[in-house]
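In what follows, a single structure is set out as structure tokens and then discussed.
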């Protein structure tokens with residue numbers, strides 16, 4: 001049994017085949033003709049910093065051709081996108097990284113959620129953000145980590161470090177970046193709002209341990225990087241229950257890089273918290289986006305110490321819910 005069979009599972013495969021079959025005879029023929037090139041293009045552009053690039057590559061090949069020119073209405077586009085994701089998972093799923101058992105064990109649940117979402121939730125409209133994530137899951141470009149999903153190829157460009165130096169007047173990020181061998185591939189974490197059950201300190205800790213195991217199996221990867229408003233150093237004072245999100249990594253070797261603020265960063269930082277929204281409206285809090293980079297050596301060393309400690313102390317880790 002190959003990795004795809006183990007990851008997807010028999011029951012999920014049956015459901016995905018039903019979704020993949022919701023096409024006309026002509027559409028099925030065009031999928032067979034176009035999907036090999038579309039999936040190859042999506043895999044190629046996954047090296048780009050733009051998380052949505054693989055999904056756009058699929059859409060460009062499929063929906064910018066005469067074959068699907070009739071599928072411009074929203075209902076048809078949604079139906080075909082659902083079929084595309086199912087077909088990618090069934091026929092083009094491939095992971096270009098070695099995975100520990102702790103990550104592999106998460107796959108049946110991931111594909112159960114994906115097949116259920118395609119069958120029940122995405123029928124009346126397919127959100128672009130979810131579609132971008134699902135294309136990556138289906139191709140094996142992003143793997144499940146528990147609390148977060150992990151993109152296998154990400155790069156921290158030197159221009160980002162240069163802009164941080166200008167913004168902060170400090171060489172700290174450059175020194176940390178250089179010491180980590182910064183230019184190269186990193187893992188990149190992403191939240192999926194459809195799977196937030198483990199968004200607490202215990203869930204993040206378990207997730208980091210799994211990522212450390214991945215890093216040990218893939219020595220060319222520089223470490224773990226993530227970009228979010230909640231890595232802003234101002235957040236712990238405003239929302240102390242979220243302090244662990246940056247304090248745990250930075251206490252054990254991670255470094256921060258200021259990346260600026262876009263409108264969606266402000267929305268993400270304020271939409272679920274009355275306190276943050278009020279402070280922002282009063283001009284006392286301006287959300288800022290930061291990259292948090294945890295170099296492989298420091299992350300692996302932390303995970304080894306933690307695992308050794310847990311072998312002696314099995315007391316539960318306190319939980320802190322997102323807000």
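The values are calculated or read from the model by the stated rules, or taken from the named source; none is laboratory data. Just so it is clear, the structure is predicted and the values come from calculations on it, not from any experiment. Reconstructed Cβ throughout: ideal geometry from the backbone, glycine too, with neighbour counts over all protein chains shown.
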Residues of the range 105-135 satisfying the condition of being closer than 22 Å to residue 206 by Cβ and touching a helix residue (DSSP H, G or I) at 6+ places or on another chain (Cβ under 7 Å): 107, 110, 111, 112, 114
Output for the range 1-22, where each listed residue is surrounded by 13 or more Cβ atoms within 10 Å (Cβ to Cβ), modelled with pLDDT of 90 or more and not in a helix (DSSP H, G or I): 22
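For the structure I just gave you, tell me whether residue 284 is in the same structural domain as residue 185 (by TED's automatic domain parsing), surrounded by 16 or more Cβ atoms within 10 Å (Cβ to Cβ) and either modelled with pLDDT under 90 or within 21 Å of residue 49 (Cβ to Cβ) (or both).
no
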Residue in the range 23-49 that is farthest from residue 184 (Cα to Cα), counting only those that are assigned to a loop (DSSP other than H, G, I, E, B) and touching a helix residue (DSSP H, G or I) at 6+ places or on another chain (Cβ under 8 Å): 23
Number of the exception - residue 71 against (1) modelled with pLDDT of 95 or more; (2) outside any helix (DSSP H, G or I): (1)
Residue pairs meeting the criteria (Cβ under 8 Å; at least 6 apart or on separate chains; first free of Cβ contacts under 8 Å to residues at least 12 places away in the same chain, in the range 260-285; second surrounded by fewer than 18 Cβ atoms within 10 Å (Cβ to Cβ) and part of a loop (DSSP other than H, G, I, E, B)): 277/271
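Each row is one residue, and each column tells you yes or no for (1) in a loop (DSSP other than H, G, I, E, B); (2) at pLDDT 95 or above; (3) closer than 23 Å to residue 104 by Cβ.
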site: 125; (1), (2), (3): yes, no, no
site: 138; (1), (2), (3): no, yes, yes
site: 146; (1), (2), (3): yes, no, yes
site: 175; (1), (2), (3): no, no, no
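Pick from 120, 96: which is assigned by TED's automatic domain parsing to the domain that holds residue 23, modelled with pLDDT under 95, surrounded by fewer than 17 Cβ atoms within 10 Å (Cβ to Cβ) and assigned to a helix (DSSP H, G or I)?
So the residue among 120, 96 that is assigned by TED's automatic domain parsing to the domain that holds residue 23, modelled with pLDDT under 95, surrounded by fewer than 17 Cβ atoms within 10 Å (Cβ to Cβ) and assigned to a helix (DSSP H, G or I) is 120.
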In the range 177-189, residue modelled with the lowest pLDDT [restricted to those that are surrounded by fewer than 19 Cβ atoms within 10 Å (Cβ to Cβ) and not in a loop (DSSP other than H, G, I, E, B)]: 179
Members of the range 74-92 that are closer than 13 Å to residue 13 by Cβ and either modelled with pLDDT under 95 or surrounded by fewer than 18 Cβ atoms within 10 Å (Cβ to Cβ) (or both): 90, 91
